[in-house]
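The values are calculated or read from the model by the stated rules, or taken from the named source; none is laboratory data. Note that the structure is predicted; figures quoted are calculated from it, not measured. A quick note on method: Cβ atoms are made from the backbone with ideal geometry, for glycine too, and the neighbour counts reach across all protein chains shown.
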Amino acid sequence: MMSEPPPVDRAAIAADLERARVALHELVDGASTEQLARRSSGTRWTNEQLLFHMVFGYMVVRRLLIMVRVFSRLPDPVGRGFARALNAATPVFHQINYFGSCAAATVFNQRRMGRQCDRVIAKLQRSLTRESETNLRLSMAFPVRWDPFFTETMTLEQVYRYPGKHFDFHRAQLTVG
Amino acid sequence: MDIDIVVGMTSLDMPTVRTPGEVDALAPEDAATYAGWFACLADPTRVRLLHQVASRPAGITVGELAEALGIGQPTVSHHVRKLADVGFVSVHKRSTSTVVMVNPACCTGLPHAADAVMGVLTPRPCCPDDLPDDVTVRPMAEQDWDAVRRIYGEGIATRTATFTTEVPLQTALDAQWLPGHRWVAEIDDIVVGWAALSPTSGRDCYAGVAENSVYVADGMRGRGVGKALLRTQVIAADEAGLWTLQTSIFPENRASIALHHSAGFRTLGVRERIAQLDGIWRDTVFLERRSPVAG
């Protein structure tokens with residue numbers, strides 16, 4: 001008889017979401033205008049643009065969750081074909097990724113960025129609470145060329161965990177200290 | 001007898017350079033152009049003559065060419081005319097002499113033709129795909145420094161990886177390597193390799209240009225560790241908007257050169273006797289990878 005897999009540690013995921021939210025506020029609130037305008041280290045963005053990009057990681061996840069829910073119910077070849085198509089569109093994704101954060105940083109000032117972060121993480125917390133155990137184990141093929149933290153196949157649980165890694169990865173590149 | 005012609009600067013224009021994404025085969029018209037250039041050079045005397053002219057940017061007279069090559073002036077004049085027809089050289093009257101000068105466009109057009117024919121300009125891959133199942137790559141953490149420096153030392157000991165002869169201090173590496181671009185590879189939870197990026201310049205305009213390093217532990221080479229590391233490294237660099245990665249590799253390290261080619265790097269050239277290792281001047285192959293997304 002196959003044993004049931006252990007339940008997903010939702011509390012850990014929820015705590016990680018909250019940790020990032022608090023950290024984002026500390027970073028944004030503690031940065032001066034000069035620091036926000038300063039170039040980051042190891043990216044093409046300024047600190048302000050990079051901070052928005054870190055929030056953007058959580059915004060992207062909401063879309064990814066929908067995709068996993070949809071594609072996990074379709075035949076495997078469909079999902080793999082979709083991932084291949086997305087991989088092929090990597091240059092377009094990165095263009096949007098780069099210029100999106102540049103443009104958004106002109107719209108979202110420090111206060112708005114903090115509020116946006118609160119909103120998107122609150123939505124993720126709510127959807128995480130509602131997610132069934134079965135749903136959290138749904139998976140789909142991912143476009144691995146989009147991000148170093150994407151893997152060939154990701155479950156819904158892994159997608160919830162992804163933005164924290166993305167956040168920490170880019171946090172190290174901020175030069176606001 | 002000097003030839004008595006004055007040929008204007010004939011263009012040796014390069015066919016339009018296509019962006020990598022658009023090139024999938026050499027166009028027939030480009031092939032015809034290149035064939036014309038190569039056909040003109042299908043003669044040893046003409047190659048020697050062009051070499052003499054190209055070695056004298058200020059120009060060389062037909063008489064000097066005849067003397068340098070040990071052939072008669074009529075023969076020189078014949079070959080100069082052929083080279084001028086295609087556009088490799090231009091010919092000008094100066095007082096009573098005929099001066100032959102290389103067409104500067106030739107210096108870029110001809111190498112470009114060779115690159116196009118040899119596939120150097122064809123689309124380059126983003127990154128290697130056939131990764132080993134047993135290798136995982138993750139961001140480097142504080143506790144990895146010992147393993148990273150040990151593996152660095154093993155790379156130094158090969159004498160085919162770096163000019164560095166002593167493992168730098170942790171503080172020096174920490175200051176040198178870009179944050180967020182430090183990766184380690186693990187097999188069975190043991191660190192077996194690392195990859196890092198270093199800035200190439202402190203100037204803002206070069207902020208998106210970085211030099212990469214990839215090191216694999218002794219006994220772990222050939223298992224795809226470098227491939228997995230390099231793949232993560234270039235994907236992260238693309239995601240962060242870095243536009244050019246560069247690296248220098250000893251020519252003997254063919255595995256590393258091939259690995260970098262599989263990740264979209266192209267060979268720019270050989271830097272001759274660029275530095276000494278153990279008292280011996282060594283060449284390096286200089287490679288770069290242009291991000292498919294930035295700029």
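Determine whether A:Leu124 is buried (at least 18 other Cβ atoms within 10 Å of the Cβ) and either more than 11 Å from every other protein chain (Cβ to nearest Cβ) or farther than 19 Å from A:His25 by Cβ (or both). Yes. Only one of the numbered conditions (1) surrounded by 14 or more Cβ atoms within 10 Å (Cβ to Cβ); (2) touching an Asp or Glu at 6+ places or on another chain (Cβ under 8 Å) is not met by B:Thr267, and that is (2).
Yes/no matrix, rows are residues, columns are (1) within 14 Å of chain A (Cβ to nearest Cβ); (2) at pLDDT 95 or above:
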position: B:Ala185; (1), (2): yes, yes
position: B:Val191; (1), (2): no, yes
position: B:Asp204; (1), (2): yes, no
position: B:Ile249; (1), (2): no, no
position: B:Ser256; (1), (2): no, no
position: B:Val270; (1), (2): no, no
position: B:Arg282; (1), (2): no, no
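Considering each residue of the range A:102-118 in turn, at least one proves to be within 30 Å of A:Asn47 (Cα to Cα), in contact (Cβ under 8 Å) with a residue 12 or more places away in the chain and within 12 Å of another protein chain (Cβ to nearest Cβ).
One residue stands out in the range B:159-212 among those that are assigned to a strand (DSSP E or B) and of a type in the set (Asp, Glu): the one that is nearest to B:Trp145 (Cα to Cα), namely B:Glu186. Screening B:Ala258, B:Ala237 for residues that are free of Cβ contacts under 8 Å to residues at least 12 places away in the same chain and either assigned to a helix (DSSP H, G or I) or crowded, with 17+ Cβ neighbours inside 10 Å (or both) leaves exactly one candidate, B:Ala258. Among the residues of the range B:238-295, those identified as among the aliphatic types (A, V, I, L, M), under 21 Å from B:Glu166 (Cα atoms) and touching a strand residue (DSSP E or B) at 6+ places or on another chain (Cβ under 6 Å) are B:Ile249, B:Ile274. The sole residue among B:Glu211, B:Glu239 that is among the acidic types (Asp, Glu), within 16 Å of the chain's Cα centre (by Cα), closer than 24 Å to B:Arg138 by Cβ and at pLDDT 90 or above is B:Glu211. Taken over the range A:46-95, residues that are in contact with a Lys or Arg (Cβ under 8 Å, 6 or more places away or on another chain) and either at pLDDT 90 or above or not in a helix (DSSP H, G or I) (or both) amount to 4.
Inside the range B:206-222, residues that are within 14 Å of chain A (Cβ to nearest Cβ) and either among the aromatic types (Phe, Trp, Tyr) or on the phi > 0 side of the Ramachandran plot (or both) make up a count of 1.
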